[in-house]
Amino acid sequence: VQLQASGGGLVQAGGSLRLSCAASGVYAMGWFRQAPGKEREFVSAISRSGGRIDYADSVKGRFTISRDNAKNTVYLQMNSLKPEDTAVYYCAAAGSTMVVRTGQGYWGQGTQVTVSS
């Protein structure tokens with residue numbers, strides 16, 4: 001399984017960014033993030049069909065995960081960004097969203113998101 005994340009950058013608080021993760025096949029996928037000095041935390045996951053979606057409480061209503069299976073790509077639209085969203089964001093893939101959420105699937109490289117106040 002190969003995962004390629006992109007789309008990070010620097011944005012002001014209240015702004016938006018869209019992350020992309022291209023996979024080598026169709027898997028349940030998700031996003032985690034890790035801020036400096038903190039543990040990696042779950043952000044969102046989506047099933048292979050897109051029929052099941054999970055979010056961390058901290059991003060509900062602001063982030064939207066979606067996928068395009070024709071492109072084997074998952075997106076994370078991040079709106080109303082806050083300085084506390086600053087982290088390295090990692091995409092992950094597994095056979096199910098349950099496994100994605102455990103962090104025991106496959107990992108892509110991270111992409112830095114920095115939100116300035």
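Quick notes
- Whole-Å semi-axes of the ellipsoid equivalent to the chain (Cα gyration tensor, √5λ, descending): 22, 14, 13
- For the range 64-73, 3J(HN,Hα) per residue [Karplus equation, 6.51 cos²θ - 1.76 cosθ + 1.60, θ = phi - 60°, Hz, x = Gly/Pro]: 10, 9, 8, 8, 10, 5, 5, 10, 6, 10
- Annotation: amide H of V43 within the under-5 Å range of W31, F32, R33, sequence separation 5 or more or interchain, hydrogens built in the peptide plane.
- Here the scattering of the range 37-85 is modelled by Debye summation over its C-alpha atoms, one equal scatterer each and no solvent; at q = 0.17, 0.20, 0.26, 0.31 Å⁻¹ the log10 of I(q)/I(0) is -0.56, -0.73, -1.04, -1.24.
- For the chain, with all protein chains in place and a probe radius of 1.4 Å, 47% of the accessible heavy-atom surface sits on carbon or sulfur.
- Linear extension gain, S117 paired with T102, 0.36 nm per residue minus alpha-carbon span: 2.2 nm
- Reachable aspartates and glutamates from K60, criterion Cα separation under 15 angstrom, eight or more residues apart if same chain: E41, E84, D85
The values are calculated or read from the model by the stated rules, or taken from the named source; none is laboratory data. Everything numeric here is computed off the predicted structure, so don't read it as measured data. Note: accessible area is taken over every heavy atom of the protein model, side chains too, but ligands, DNA and RNA are not part of it. Shrake-Rupley method; radii C 1.70, N 1.55, O 1.52, S 1.80 Å.
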